[in-house]
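Each value in this text was obtained by applying a stated rule to the coordinates, not by laboratory testing. None of the values given here were measured: they were computed from a predicted structure. Please note: Cβ atoms are built from the backbone with ideal geometry, for glycine as well, and neighbour counts cover all protein chains shown.
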Amino acid sequence: MNTRTVPSGLSLDTVFRVLSERRKRHVLYALRGAEGNAMTVKQLARRVRELEGSGMDENALKRIAEDLRERHIPELVATDAVEYDERSETARYHSVPSLEEWLEHAEYKELGRVVS
């Protein structure tokens with residue numbers, strides 16, 4: 001099967017795989033909206049919890065942070081859309097044109113807002 005790579009370096013399969021998971025979308029929305037496109041895992045977990053409408057329970061926050069560290073951040077790092085510094089536990093979003101186009105549309109549809 002030929003998965004044609006778009007000019008940004010990400011195949012459409014990769015773009016849609018990333019966007020198919022709600023938590024990954026929420027991570028990307030949060031990072032795009034953060035100052036300098038960066039947040040610590042703890043900050044990111046809080047924001048993701050807000051976007052998901054999860055309870056304010058501290059255990060839920062810890063579970064989200066662990067899920068981000070173990071699964072979602074490494075998968076996003078593999079796409080080059082996110083950079084992660086383990087020492088400071090900080091994730092930073094890097095705009096990838098083909099992902100950005102669809103992410104912006106998804107955020108508008110899901111959250112009803114346009115991010116400039």
Across the alpha-carbon set of the stretch 19-71, Rg over Rh with Rh taken as the Kirkwood radius works out to 0.93
222 nm mean residue ellipticity, helices alone, for the chain (DSSP H n ≥ 4; -39,500 (n - 2.57); rounded to 500): -16000 deg cm²/dmol
Just to be sure I understand the model, the point goes 7 Å from the Cα along the line to the Cβ. What's the resulting SER95 to LEU111 distance in nm? 1.6 nm
In nm, the gap between the two label points placed 7 Å beyond Cα toward Cβ at ARG87 and SER20 is 3.7 nm
Fewest to most neighbouring Cβ within 10 Å: what's the order for THR79, THR40, THR14? THR40, THR79, THR14
When the label point is put 7 Å from the Cα of THR40 along its Cα-to-beta-carbon vector, which residues of the stretch 85-112 have a backbone N closer than 16 Å? 85-92
Charge-dipole axis of the chain as Lys and Arg at +1 and Asp and Glu at -1 on Cβ define it, positive-most pick from VAL27, SER54, LEU68: SER54
How far apart, in nm, are two points set 7 Å out from the Cα along the Cα-to-Cβ line at ARG32 and at VAL77? 2.3 nm
With +1 at each Lys and Arg Cβ and -1 at each Asp and Glu Cβ, the charge dipole magnitude of the stretch 20-111 around its Cα centre, to the nearest 20 debye, comes out at 240 debye
For percent of Cα pairs over 18 Å apart, which listed value, (i) 57; (ii) 48; (iii) 75, comes from the coordinates shown? (ii)
Taking the beta-carbon count within 10 Å as an exposure proxy, list ARG22, ARG46 from fewest neighbours to most. ARG22, ARG46
